[in-house]
1. Mind listing whichever residues of segment 45-56 are surrounded by 14 or more Cβ atoms within 10 Å (Cβ to Cβ) and either part of a helix (DSSP H, G or I) or out of contact with any helix residue (DSSP H, G or I) (no Cβ under 7 Å at 6 or more places or on another chain) (or both)?
2. Would a scan of segment 224-231 turn up a residue that is at pLDDT 90 or above, farther than 21 Å from residue 160 by Cα, part of a loop (DSSP other than H, G, I, E, B) and outside the structural domain of residue 123 (by TED's automatic domain parsing)?
3. State which residue pairs qualify: first residue in a helix (DSSP H, G or I) and inside segment 109-127, second residue exposed (fewer than 15 other Cβ atoms within 10 Å of the Cβ) in any location, beta carbons under 9 Å apart, and separation of 6 or more residues or different chains.
4. Report yes if residue 13 is surrounded by 14 or more Cβ atoms within 10 Å (Cβ to Cβ), at pLDDT 85 or above, assigned to a helix (DSSP H, G or I) and touching a helix residue (DSSP H, G or I) at 6+ places or on another chain (Cβ under 6 Å), otherwise no.
5. Please verify whether residue 291 is assigned to a helix (DSSP H, G or I), surrounded by fewer than 17 Cβ atoms within 10 Å (Cβ to Cβ) and assigned by TED's automatic domain parsing to the domain that holds residue 144, treating the condition exactly as stated.
6. Give segment 232-242 a look and list any residue that's crowded, with 21+ Cβ neighbours inside 10 Å and not in a loop (DSSP other than H, G, I, E, B), or say none.
7. Please give the number of the condition residue 251 fails out of (1) surrounded by 15 or more Cβ atoms within 10 Å (Cβ to Cβ); (2) under 16 Å from residue 169 (Cβ atoms).
8. What tally of residues in segment 155-177 results from selecting those that are farther than 18 Å from residue 99 by Cα and surrounded by fewer than 21 Cβ atoms within 10 Å (Cβ to Cβ)?
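The values are calculated or read from the model by the stated rules, or taken from the named source; none is laboratory data. Predicted, not measured: the structure shown is a model, and the values here were computed from it. No Cβ is skipped: glycine too gets one built from the backbone with ideal geometry, and neighbour counts run over all protein chains shown.
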């Protein structure tokens, strides 16, 4: 049985959530998809999916393999496109969306660079902290930061997103420095009030287990930049991504806290509606993001 077909079927089932949906998209019987998954699991010697009559879920090994499988399939599609395009230029209108804070700093500056390289492509960029429905709202690609909800959308991990607690030296001199996540309840914590952000709380690794806390304080805000400013002003402790605070940490304006309890990173992703027949402009944009964010020097504090 073709190895590539097995991997394609696994990725389709994982993203669509059922054998029936994956089979319908390909125009084959669900049993065919099931046999491919069985053959893949047997060849790899691990269980990738847990199948019941009600739902299909990924195992730990399945989640890890899915990222590599999607990356492989995307690279293959891009390689085929570069040949089949036969020198055809990317053209048309590219509609993009990204979270507001990350988008201002790490998506918007890339748009002119991409457009300069592809003169026949025009670009619209929407920055919003709500989870945009890219299919029904007509977007070609979204950049998303953090844990992704279950979805039939295709995602490609572009880089790690590390989160850490930070505070200004003035706050720590006044309130003390927490030594354990459990002590955050005695501190002023600056939290996001948006329902779409940090829904599970602040993440820590405690005794080898991933733990989510919901600290509170006198201030919360739906805008991450406001939390950033409040934190710099010494009003409390914030839980932020390294890309938001690395320059201030490097300069000493902010101090990292609870580093020994830092949770494993989640991801920065490109998310798009489908894999087959993506317009060349979309494939090139995703490839541009992958190469830009994949360069470790890009995330240096010296970068703007």
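1. Once the filter is applied, which keeps residues that are surrounded by 14 or more Cβ atoms within 10 Å (Cβ to Cβ) and either part of a helix (DSSP H, G or I) or out of contact with any helix residue (DSSP H, G or I) (no Cβ under 7 Å at 6 or more places or on another chain) (or both), segment 45-56 yields only 51.
2. No: zero hits.
3. The qualifying pairs are 115/122.
4. Details: surrounded by 14 or more Cβ atoms within 10 Å (Cβ to Cβ): yes; at pLDDT 85 or above: yes; assigned to a helix (DSSP H, G or I): yes; touching a helix residue (DSSP H, G or I) at 6+ places or on another chain (Cβ under 6 Å): yes.
Taking the combined requirement at face value, the residue satisfies it.
5. Numbers: assigned to a helix (DSSP H, G or I): yes; surrounded by fewer than 17 Cβ atoms within 10 Å (Cβ to Cβ): yes; assigned by TED's automatic domain parsing to the domain that holds residue 144: yes.
So residue 291 passes the test.
6. So the first thing to find is which residues in segment 232-242 are crowded, with 21+ Cβ neighbours inside 10 Å, and the list is 236-240.
Residues satisfying the conditions are 237, 238, 239, 240.
7. (1)
8. Narrowing segment 155-177 to residues farther than 18 Å from residue 99 by Cα: 164-177.
Filter again for surrounded by fewer than 21 Cβ atoms within 10 Å (Cβ to Cβ), leaving 169-170, 172-177.
Of the residues in segment 155-177, 8 are farther than 18 Å from residue 99 by Cα and surrounded by fewer than 21 Cβ atoms within 10 Å (Cβ to Cβ).
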